[in-house]
Amino acid sequence: MKLLVTGGAGFIGSAVVRLAIARGHEVINFDALTYAGNPANVASVANDLRYTFVHADIRDRAAVDACLSTHKPDAILHLAAESHVDRSIDGPAAFMETNVTGTLTLLEAARAYWQAAGRPEAFRFHHVSTDEVYGSLPSDPAVKFTEVTAYDPRSPYSASKAASDHLVRAWHETYGLPVLVTNCSNNYGPYHFPEKLIPVVIFNALSEKPLPIYGTGANIRDWLYVEDHADALLTVLAKGQVGRTYNIGGENERSNLDLVRSICGILDQTRPRSSGSYADLITFVADRPGHDARYAIDPTRVRSELGWRPSVTVEEGLARTVDWFLTNEDWWRPLLSRDGVGARLGVAG
């Protein structure tokens, strides 16, 4: 199968690209290389004859049309997005432009391409989204997000993703475009851009800097190892029912405080401090505006219909992640100088 992956030089997108190539697919990586895009993420497949890179923006209709016409993909996996909640608080316009307008542009190009090709039944437009569109959950562990949970976005980021989800479903209902939608929980793992919680904790610990935790650290997330997510996305693409939504979770709920303590414990074993524990560096900071209390996904649909489950526990995944960052400093060190990295963002309001 020939796949067009938007945002394929990003964190999740590059995991999809690497796995798809490993499984014998042809991949066209369509990426604008914004601050979070990194060609090094796909360096391991860059010389593969099945891999093609197109440096372009999803908001550029002519570039999208040219890519589709030239490469004629069998499916589009749409991962290109602005994704950092804190940045969306400080600058929401960029999120609306890329996540909403960009998705609209891509949908219209995909529809024209699909119709010109005779509306092939096998074509798929797979839109990759987030569980943050559903809002916040109570602490009751029995209550989780399902595919029919009402949308209740609380940040500019989640609002932009909710809008893009609605666009994709509307293009299916109105024009018949064969779409799939997936909403995932928090990803982590190798190649994670160094502005998110887990890499920030690792880098700060190695530099003996405070480990910042918002509020009391009681916010709970369902953690999904990025390579498991890539596997799930390819599974949904191959087996998912057209027009259907699939929630993808890691089945690993942890509070932010517990997660950071786990990272500190791993570092205490693998690269101990001269004295004390890395946990001694934990510092509580003012909470983020509109910070959702809890996310958790009910994975019943993707498990029962498609037979998919995560393969990595959060303990295993964190150990792999810490080890990867410890042995790949040449990858992450140059990224620390990029715009906004290391600064406290998302304090507006």
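Sort Thr216, Thr321, Thr52 by Cβ crowding within 10 Å, fewest neighbours at the top. Can you show the working numbers first?
Numbers: Thr216 11, Thr321 24, Thr52 16.
With the sparsest Cβ surroundings first, the list reads Thr216, Thr52, Thr321.
Counted by neighbouring Cβ atoms within 10 Å, the residues Thr130, Thr313 run from fewest to most as Thr313, Thr130. The Rg/Rh ratio of the range 53-141, with Rg taken over Cα atoms and Rh as the Kirkwood radius over Cα pairs, comes to 1.07.
Here the spin labels are modelled as points 7 Å beyond Cα on the Cα-Cβ line, and at Ala66 and Glu97 they lie 2.0 nm apart.
Using the structure shown, select from Lys161/Lys239; Lys72/Lys239; Lys161/Lys196; Lys161/Lys209; Lys2/Lys196; Lys2/Lys161 the pairs with a Cα to Cα distance greater than 29 angstrom. If you can, show how the numbers build up before the last one.
On the way: Lys161/Lys239 24 Å; Lys72/Lys239 21 Å; Lys161/Lys196 18 Å; Lys161/Lys209 33 Å; Lys2/Lys196 31 Å; Lys2/Lys161 26 Å.
In this structure, Lys161/Lys209; Lys2/Lys196 lie more than 29 Å apart at Cα.
Distance between the modelled labels on Glu173 and Arg244, one decimal in nanometres: 1.9 nm (7 Å Cα→Cβ projection). With bins 5 Å wide beginning at 0, the percent of Cα pairs of the range 202-319 falling in each bin runs 2, 11, 17, 17, 16, 14, 10, 7, 4, 2, 0, 0.
Roughly how big is the chain's charge dipole about its Cα centre, with Cβ charges of +1 (Lys, Arg) and -1 (Asp, Glu), in debye to the nearest 20?
Values: 33 positive and 41 negative charges, 79 e Å.
Dipole of the chain, to the nearest 20 debye: 380 debye.
Going by a ≥ b ≥ c, the root eigenvalues of the Cα gyration tensor, does the range 28-103 fall in the rounded group (a/c under 1.5), the prolate group (a/b larger than b/c) or the oblate group? Verdict is oblate for the range 28-103. Extension gain, Leu33 to His291, is 90.1 nm, computed as 0.36 nm per intervening residue step minus the present C-alpha separation. If both residues of a DSSP beta bridge must be in the chain, then about 10% of such bridges are antiparallel.
Quick note: the coordinates plus some simple rules give every number you see, no bench work behind them. Not measured: the values here are computed from a predicted model. Note that we place each Cβ from the backbone using ideal geometry, even for glycine, and neighbour counts take in every protein chain shown.
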